[in-house]
1. If you take every residue apart from Ala89 with its C-beta less than 14 Å away from the C-beta of Ala89, what net charge results, scoring Lys and Arg +1 and Asp and Glu -1?
2. Pick out, from Ser156, Ser110, Gln94, the residue whose Cα sits farthest towards the positive end of the charge dipole of the stretch 90-195, with +1 on the Cβ of Lys and Arg and -1 on the Cβ of Asp and Glu.
3. Along Cα→Cβ, 7 Å out, is where each label goes; now give me the distance between the ones at Ala128 and Glu196 in nm to one decimal.
4. Grab the other residues whose beta carbon is less than 12 angstrom from that of Thr272, score K and R as +1, D and E as -1, and report the net.
5. Where Rh is the Kirkwood radius over the Cα pairs of the stretch 90-195, the temperature 25 °C and the viscosity 0.890 mPa s, what D in µm²/s does Stokes-Einstein return?
6. Between Ala63 and Ala179, 0.36 nm times their residue separation minus their Cα-Cα distance comes to what?
7. Below 8 Å between Cα atoms, with a sequence gap of 6+, how large is the relative contact order for the stretch 90-195 in percent?
Amino acid sequence: MTARVKIVARVALAAGVLALFWLLLNRSAEGPRVLTGYVEGERVYLAAPAAGLVSAVYVEEGARVAAGAPTFLIDPRERGAQVEGAEAALGAAQAQAEDARKGQRAQELSVIDAQLAAAQAEVRQAEAEYGRIEPLVRRGIYAPARLDQVRATRDSARANAAAIRRQREVAELGQREDAIRAADEQAAQARGALAEASARLSTLSPPAPIDARVEEVFYRPGEYAAANQPILALLPDNEVKLRFYVPEPEMAAYRPGVVVRFGCDGCGETRTAWISWISPRPEFTPPILYGRGSRDRLVYRVEARPEDPRSLNPGLPVDVEPLTVP
């Protein structure tokens, strides 16, 4: 073997040793294989259906808010005036319905009583006149026509008294059933208008729908917000999830409800999560997760719910321990 061949052989051997050393070094640096993913969160945006000035914001960014706690308030003066008007309309409708069931007032009844007393006095006078004329007609002092006259006067007085007595009885009654029913319907309509106005007023200060973290506040007190414009964004605890990708050959081990273990920077000890959703269709590895071993390989997107999501921030990278294929 010539000296030149020996030199080439030594160079090739040295290059092979260096290549093997570099491969072993990279493998040791990579550590055990993991499934790369990240934390994902679905926001809930709270808004008011009416435009107005933001009167108050009761939460701070990054703080937690309990379900049912107040979040913000849009100027309620206009809607408050509508509620007051609806309350007044309801009071008037209820009063009309109650009045429809009542008879006339005591003062009005006293007027009818006076008219009845006068009519009864006329009856007594007419009967007395009839009693005086009737025997005189029998004796021939007066003509029979005079008796007919006083009889007609007596009967007219009796009829007038009977009519006033009937008027007195009717005055104690309420209005007709149809009128009472119409008054009740108006009261029900006013009650519905009040409920609607109250509901609209409550939408100006929506409570937190669920325990959540305040992700962002878009408007501050004194700023004008348009209708249906989000005032703040919440991140509910039950909307925090892990999203990672599993190679197609290993999918047999992953099913909804299966528990996986994962770690992340600053998370402390290994944590657990249960799989909640698996994509029904495969896809290529996302570019951000490209690697020499995973390029051009089909993967399935998997989502899992962590047991304690409060300390996990969306976008945080996670390393999921792969499951063993049965």
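FYI, it's all coordinate maths here, none of it is from the lab. Small disclaimer: the values here were computed from a predicted structure and weren't measured. Here Cβ is always computed from backbone atoms with ideal geometry, including for glycine, and neighbour counts include all displayed protein chains.
1. Taking every other residue near Ala89 into account, the sum is -3.
2. Ser156
3. 6.7 nm
4. So the surrounding residues net to -1.
5. D = 143 µm²/s.
6. Contour length minus Cα-Cα distance gives 35.9 nm.
7. 52 percent
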